[in-house]
Amino acid sequence: MKKFLAVMILLMMICVPASATRLEMIPQPIGKILCDNSYNLQITLDNHKIDISKKTREDNFEGVMTFDQDFYFHFDTSKKNSYFGDQSFTNTVKISVIDSNEFMVSRTEIFRVENTAGLPFYVIRKTSASGDSAKVLGKLDGKWVECLDTLDFQRKFGIGSNGTLNEIFTQDNKIVFRYKLHNQTIDVECHWHVDDKKFYPEAIKR
């Protein structure tokens, strides 16, 4: 009986790591978007500024560009719209790069999250005077979807607009969002569940 239990424990130790998805966020952004209060976009790709000189009506800009091999950014400043996802507009997710207060400057950074499951994941982080936020996009079963929105769990865990998003990093199968709230550090650890294909956030006070 003891031998049987020992073998079962050993098998569990072997199987659990193999079934987990390890996430690793590339620390340097693959692209940056700066949007001023006149809706002018300044796009940087691999530390090189991109000229988006395709003006449409009334000095607005529209177009499509890629930040990664198969990750595209669609924009139309006349409609104040922007989308991320496939080259085809029909498979994209709407994410605004404009601040909620349209008179504020906003900065958006795009990070690639590599993982052992081979799933395309990207963190889209937006910083402005109105506050910091981030979304995680993933391509699941061929469809780009929003997997995570920090504004949702900020409300859930009482972080609100007073918390400052200081750091985003990965750890095993988690994306960790580190907040500073007053004199307290709060880590929101978002665990990726392979079977459910969902992130489950958990707040930990440090």
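The values are calculated or read from the model by the stated rules, or taken from the named source; none is laboratory data. All values reported here derive from a predicted model rather than from experimental measurement. Positions of Cβ are backbone-derived with ideal geometry, glycine not excepted, and every protein chain shown enters the neighbour counts.
Looking for whichever is over 20 Å from Phe84 (Cβ atoms), hydrophobic (A, V, I, L, M, F, W, C) and out of contact with any Lys or Arg (no Cβ under 7 Å at 6 or more places or on another chain) here; the options are Phe157, Phe121. Which one fits?
So the residue among Phe157, Phe121 that is over 20 Å from Phe84 (Cβ atoms), hydrophobic (A, V, I, L, M, F, W, C) and out of contact with any Lys or Arg (no Cβ under 7 Å at 6 or more places or on another chain) is Phe157.
Would you check which residues across region 163-195 are exposed (fewer than 14 other Cβ atoms within 10 Å of the Cβ) and within 14 Å of the chain's Cα centre (by Cα) and list them?
Glu167
Name the pairs: first residue in region 63-89 and on the phi < 0 side of the Ramachandran plot and outside any strand (DSSP E or B), second residue at pLDDT 90 or above and of a type in the set (Asp, Glu), Cβ to Cβ under 9 Å, at least 6 apart or on different chains?
Asp70/Asp86
Tell me, yes or no, whether region 19-32 has at least one residue that is modelled with pLDDT under 75, among the small types (Gly, Ala, Ser) and within 22 Å of Ile168 (Cβ to Cβ).
Yes - at least one qualifying residue is present in region 19-32.
For region 93-136, how many residues meet the condition of being within 20 Å of Glu167 (Cβ to Cβ) and either in contact with a Leu (Cβ under 9 Å, 6 or more places away or on another chain) or without any contact (Cβ under 8 Å) to a residue 60 or more places away in the chain (or both)?
22
So for region 63-72 (the condition being at pLDDT below 75 and closer than 16 Å to Val97 by Cα), does at least one residue qualify?
There is no residue in region 63-72 that is at pLDDT below 75 and closer than 16 Å to Val97 by Cα.
Determine whether region 142-159 contains at least one residue that is in contact (Cβ under 8 Å) with a residue 60 or more places away in the chain and either more than 18 Å from Thr92 (Cβ to Cβ) or buried (at least 19 other Cβ atoms within 10 Å of the Cβ) (or both).
Taking region 142-159 as the starting set, the residues that turn out to be in contact (Cβ under 8 Å) with a residue 60 or more places away in the chain are 144.
Subsequent filtering for residues that are either more than 18 Å from Thr92 (Cβ to Cβ) or buried (at least 19 other Cβ atoms within 10 Å of the Cβ) (or both) retains 144.
Scanning region 142-159 turns up at least one residue that is in contact (Cβ under 8 Å) with a residue 60 or more places away in the chain and either more than 18 Å from Thr92 (Cβ to Cβ) or buried (at least 19 other Cβ atoms within 10 Å of the Cβ) (or both).
Residues checked against (1) buried (at least 18 other Cβ atoms within 10 Å of the Cβ); (2) within 15 Å of the chain's Cα centre (by Cα); (3) over 15 Å from Cys190 (Cα atoms):
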position	(1), (2), (3)
Asn81	no, no, yes
Gly85	yes, yes, yes
Thr92	yes, yes, yes
Ser96	no, yes, yes
Phe111	yes, yes, yes
Ser130	no, no, yes
Gly138	yes, yes, no
Ser161	no, no, yes
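Considering only region 168-183, how many residues are in a strand (DSSP E or B), at pLDDT 90 or above and farther than 15 Å from Glu146 by Cα?
Within region 168-183, residues that are in a strand (DSSP E or B), at pLDDT 90 or above and farther than 15 Å from Glu146 by Cα number 10.
Would you confirm whether or not region 196-205 contains a residue that is modelled with pLDDT of 90 or more, of a type in the set (Gly, Ala, Ser), farther than 24 Å from Ile30 by Cβ and part of a strand (DSSP E or B)?
The answer is yes; a qualifying residue exists.
Looking only at region 126-150, count every residue that is at pLDDT 90 or above and either among the hydrophobic types (A, V, I, L, M, F, W, C) or out of contact with any helix residue (DSSP H, G or I) (no Cβ under 9 Å at 6 or more places or on another chain) (or both) and tell me the total.
14
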